[in-house]
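Read-outs throughout are calculated quantities, based only on the coordinates presented, and are distinct from any laboratory measurement. Note that this is a predicted model, so its numbers are computed, not measured. Backbone-built Cβ (ideal geometry, glycine too); neighbour counts: all protein chains shown.
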Amino acid sequence: MTGERIATLDIVRGVAIMGILAMNIVAFAMPDAAYLNPSAYGTEGPADLASWTFSFLFVDGRMRGLFSFLFGASMLLVIERAEAGGRDPALVHYARMAWLLVFGLIHFYLIWWGDILSLYAPVGMIAFAFRRRRPRTMILWAVGLLLVQFALFVAIAFRFRYVAELAAAPGASRETLAQWADMRDGVGVYTPARLHEILALYRGPYGGIVHEMVTENLLDPIRSLVFIGWETLAYFLLGMAAFKTGFLTGAWSNKRYCKIMLVGFGVGVPAYALLAWLQLRSGFAVPDIMAYGIAATVPFRPLMIGATAALVIVLTRGGGPLVARIGAAGRAAFTNYLGTSLMMTTLFYGYGLGWYGHLSRIQLWIPVVLAWALMLLWSKPWLDRFHYGPFEWLWRSLARWQLQPMRKAS
């Protein structure tokens with residue numbers, strides 16, 4: 001049992017890793033404000049706006065959350081198997097998280113600014129303390145953490161609205177205007193000069209991008225931990241609880257999964273549709289993006305994540321060639337995650353093909369679909385011959401301080 005794969009975990013993880021690319025593609029290809037604000041860049045017509053709406057309703061946040069659920073579940077699985085195999089679970093776990101942090105920081109500073117691994121590693125170190133808690137206790141802790149996250153985002157949203165009103169008032173001081181300009185950078189529509197600066201940076205040489213990361217963005221991994229670590233830990237705990245109860249291993253009946261879908265989508269989709277409409281109605285005003293696009297989504301996102309996981313589990317129960325390939329993509333999720341960063345930065349950044357800022361939002365689905373096809377094409381044949389994906393093998397070997405067997409016996 002200690003070496004067996006749990007197919008359902010791999011399949012759901014495969015869907016999540018593919019969905020994360022659909023979520024991240026705008027951040028690879030456009031100035032970062034476009035990720036939250038479609039009016040900032042890349043929206044040229046109704047199709048682009050429809051693409052944003054679809055992503056807001058079904059992709060953004062949900063796929064990151066689903067991947068976080070799976071990370072928590074897999075983390076607990078590794079800990080339990082270490083204990084069953086007579087190894088020190090703390091040593092195994094903290095070695096894995098330490099090397100994950102190394103991978104994450106390399107990824108963040110040298111490849112792409114949207115890295116999530118440098119957040120997962122320290123949060124995973126904290127989550128270890130909850131490994132023996134009952135599922136109910138884990139869920140209660142997760143709810144508390146989500147309330148903290150919600151309160152933090154609400155406070156930030158109120159701050160944005162307050163400063164926006166001050167800046168819009170007659171006779172606003174130079175200091176207030178400068179503060180508002182600084183706050184809205186990365187969320188609002190860019191000034192022509194600022195937009196030119198960003199496009200020149202990412203269409204330029206590799207050295208300029210790295211210099212930006214290690215100077216202007218040096219402390220971003222710490223900021224991520226402070227500002228979204230609460231929600232991330234909550235998702236890890238929910239994933240651990242979902243693993244313990246059998247939800248993420250496919251142990252529930254279809255009837256129970258359908259109930260989760262009914263509640264999750266029944267509440268989540270109308271709520272997200274309303275929040276999307278509120279942002280559209282305001283023309284994507286920065287205070288409304290912060291209120292409706294960031295803060296107000298926190299309570300509804302876990303419902304949508306659970307419903308999405310339930311849907312994937314029910315739809316893939318019958319197996320088949322495509323399901324097997326999705327499961328293989330999930331087994332090699334670490335390689336697929338880092339691999340897509342290498343691929344997309346090469347496509348979009350100036351040291352590669354230089355497509356940065358040249359594709360509209362709807363056109364970005366073309367490289368997404370092509371990357372999905374590549375994930376499905378390579379993962380299964382590779383894992384038919386080898387025990388691990390390339391980066392999975394490297395991570396495991398480093399964490400155990402010993403080269404792991406790679407090729408399967410013929």
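R0 = 45 Å: FRET efficiency of residue 365 with residue 78, Cβ-based, nearest 0.05?
0.85
Please list, in order along the stretch 237-253, the HN-Hα scalar couplings obtained from phi with the Karplus expression 6.51 cos²θ - 1.76 cosθ + 1.60 (θ = phi - 60°), rounded to whole Hz, x for Gly and Pro.
Taking θ as phi minus 60°, the curve returns 5, 5, x, 5, 5, 5, 5, 5, 7, x, 4, 7, 9, x, 7, 7, 7 Hz for the stretch 237-253.
Which of 104, 207, 188 moves the most in a Gaussian network model of the chain with Cα springs under 10 Å?
Evaluated over the chain, the most mobile residue of the options is 207.
Using Cα pairs under 8 angstrom and six or more residues apart, how large is the relative contact order of the stretch 35-123, in percent?
15 percent
Could you pull the Rg and Dmax for the chain, using just the Cα atoms, both in Å?
Over the chain's Cα set, Rg and Dmax evaluate to 21.4, 78 Å.
From Cα pairs below 8 angstrom and at least 6 apart in sequence, can you work out the relative contact order of the chain, rounded to a whole percent?
31 percent
Between residue 50 and residue 346, take the C-beta separation as r, use R0 = 41 Å, and let me know the FRET efficiency to the nearest 0.05.
Result of the calculation: an efficiency of 0.90.
Based on the Cβ-Cβ distance from residue 400 to residue 377, what FRET efficiency comes out when R0 is 22 Å, to the nearest 0.05?
In this case the efficiency is close to 0.15.
Of 278, 370, 398, which is the most mobile in a GNM of the chain whose springs link Cα atoms less than 10 angstrom apart?
Most flexible of the set in this elastic network: 370.
Treat each spin label as a single point 7 Å out from the Cα along the C-beta direction, and report the residue 206 to residue 136 distance in nm.
Once both label points are built, they end up 5.5 nm from each other.
Report the Cα centroid-to-centroid distance between the stretch 57-84 and the stretch 125-151 in angstrom, as an integer.
Going from one Cα centre to the other spans 14 Å.
At what distance in nm do the modelled label points of residue 258 and residue 384 sit from each other, each positioned 7 Å from its Cα along Cα→Cβ?
Roughly 3.6 nm, to one decimal.
What residue among 173, 360, 74 shows peak mean-square fluctuation when the chain is described by a Gaussian network model with Cα springs under 10 Å?
Its mean-square fluctuation being the largest, the pick is 173.
How far apart, in nm, are the 7 Å Cα→Cβ label points at residue 317 and residue 179?
5.7 nm
Output ³J(HN,Hα) for the stretch 55-67: one whole-Hz value per residue in order, computed from phi by the Karplus curve 6.51 cos²θ - 1.76 cosθ + 1.60 with θ = phi - 60°, and x for Gly and Pro.
Calculated HN-Hα couplings, in order: 5, 5, 6, 10, 10, 4, x, 5, 6, 4, x, 4, 5 Hz.
Check which residues have an amide H placed less than 5 Å from residue 386's amide H, if you skip close sequence neighbours.
Sorted by chain and number, the residues that satisfy this are 408.
Which value at 222 nm does the chain reach when only helices count, each DSSP H run of 4 or more adding -39,500 (n - 2.57), with the total divided by all residues and rounded to the nearest 500 deg cm²/dmol?
Using -39500 (n - 2.57) per qualifying helix, the result is -23500 deg cm²/dmol.
Going by a ≥ b ≥ c, the root eigenvalues of the Cα gyration tensor, does the stretch 64-103 fall in the rounded group (a/c under 1.5), the prolate group (a/b larger than b/c) or the oblate group? The partial results should precede the final answer.
Details: a/c = 4.13, a/b = 1.36, b/c = 3.04.
Here the stretch 64-103 falls in the oblate category.
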